[in-house]
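*Asks:* I'd like to ask you about the structure that follows.
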Amino acid sequence: MNNNKVALITGASKGIGAAIAKKLASQNIKVAINYNSSQLDALQVKNEITALGGVAEVFKADVSDRQAVSRLFEEVESVLGQVNLLVNNAGVVENRLLTNMEEEAWDKVIDTNLKACFLVSQRAASAMCRSRFGRILNIASTCGFVGTVGQVNYSASKGGIIAMTRSMAKELSSYNITVNSIAPGFIETDMTDGFDSSPQGRQVLKKILMSRPGTVAEVANMAAFLLSDENSYMTGQSVVLDGGLSV
Ligand code: NAD
């Protein structure tokens, strides 16, 4: 059943996106690995998947650019087939205090984290509606629920994703499309490199009930469940995956 499915994961050349791509491929799902700049990393993810017998291909696109998104879908559809499972994972941080934040830092984070989620979901949902099946998973953050210092732009983008998840779920449920998000806390990736040894990071670590950062594999496990046929009823939700940080 899964081998008829095609998953597109944005920003999948490393970190959480790469882990989700590998997990889905291990379940016989064909995987489209989107990357923007790191072609070598993306090819490495593809090679790891194909070495284990999975099917994967790499596709370059800046997902905050409408034309690039349009080309991306044309390429994915012609190489792998229609996208049934979408993971909006691409994300960036540009951390500054509000009073120091340039408009460019605001725009970059909102465009990459929030606008891209709109552009990619819009294109994917059109095809999913026609085939009356789809799963959309957005990678939000606990920062979308609680404010974080130096992340006015990032928190706004992730709060937007959580709200968008609910709206999209309402619009798409009648087409048998579910839309959910995962809100990770502190996960060890390049994005959080060095955070655990910073004063703010040490404070955060003390508050995590599980006493450690999460791993990309733990996010990928939750993603695989939310995208699977076993999850046929949950929609519009954001699953907090933070080791108990926000409890
Ligand atoms: P990461 O930096 O390892 O990965 C982010 C990926 O997005 C990279 O591959 C990057 O190239 C890609 N990307 C950035 N801009 C892009 C664009 N315009 N087009 C296509 N790809 C683009 O970081 P990560 O921790 O793996 O982050 C993945 C997602 O998880 C992000 O949305 C991030 O906000 C979210 N998240 C991470 C954490 C954490 O603690 N690491 C916590 C909460 C949420």
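*Asks:* So for L85, L97, L205, fewest C-beta neighbours within 10 Å to most, what's the order?
*Replies:* The most exposed by this proxy come first: L97, L205, L85.
*Asks:* Fewest first, what order do D107, D41 take by the number of other Cβ atoms within 10 Å?
*Replies:* Sorted ascending by nearby Cβ count, the order is D107, D41.
*Asks:* Calculate the dipole size of segment 150-211 relative to its Cα centre from +1 charges on Lys and Arg beta carbons and -1 charges on Asp and Glu beta carbons; express the result in debye to the nearest 20.
*Replies:* The calculation lands at about 320 debye.
*Asks:* Mind checking the angle between helix 15-25 and the chain's longest principal axis? C-alpha axes, 0 to 90 degrees, to the nearest 10.
*Replies:* 30
*Asks:* State which stretch of the chain is the longest one without any exposed GluC sites (Glu not before Pro), exposure meaning a DSSP loop state and at most 12 other Cβ atoms within 10 Å.
*Replies:* 103-229
*Asks:* With n ≥ 4 as the cut-off for DSSP H runs, can you work out [θ] at 222 nm for the chain, using -39500 (n - 2.57) per run divided by the number of residues, rounded to the nearest 500?
*Replies:* -13000 deg cm²/dmol
*Asks:* Tell me which of N176, N138, I110 sits at the most positive position along the dipole axis of segment 95-235, charges placed on C-beta atoms (Lys, Arg +1; Asp, Glu -1).
*Replies:* The one lying farthest along the dipole's positive direction is N176.
*Asks:* If you build a Gaussian network model of the chain, linking Cα atoms that sit under 10 Å apart, which residue out of S197, S131, S13 swings the most?
*Replies:* Among S197, S131, S13, the largest GNM mean-square fluctuation belongs to S197.
*Asks:* Return one number: the angle in degrees, 0 to 90 and rounded to the nearest 10, between the long axis of the Cα atoms of helix 66-79 and the longest principal axis of the Cα atoms of the chain.
*Replies:* Compared with the principal axis, the helix lies near 40 degrees.
*Asks:* What dipole magnitude, in Debye to the nearest 20, does the chain give about its Cα centre under +1 on Lys/Arg Cβ and -1 on Asp/Glu Cβ?
*Replies:* Using Cβ point charges on Lys, Arg, Asp and Glu, the chain gives about 580 debye.
*Asks:* With Cβ to Cβ distances under 15 Å as the rule, what net charge do the other residues near R132 carry (K, R +1; D, E -1)?
*Replies:* Summing Lys and Arg as +1 and Asp and Glu as -1 gives +1.
*Asks:* Let a ≥ b ≥ c be the square roots of the eigenvalues of the Cα gyration tensor of segment 90-247; is it rounded (a/c under 1.5), or, if not, prolate (a/b larger than b/c) or oblate?
*Replies:* Oblate, because a/c is 1.5 or more while a/b does not exceed b/c.
*Asks:* Enter the Cα centre distance for the pair segment 55-100 and segment 1-41, rounded to the nearest angstrom.
*Replies:* 11
Quick note: the coordinates plus some simple rules give every number you see, no bench work behind them. All of these numbers come straight from a predicted model, not from anything done at the bench. No Cβ is skipped: glycine too gets one built from the backbone with ideal geometry, and neighbour counts run over all protein chains shown.
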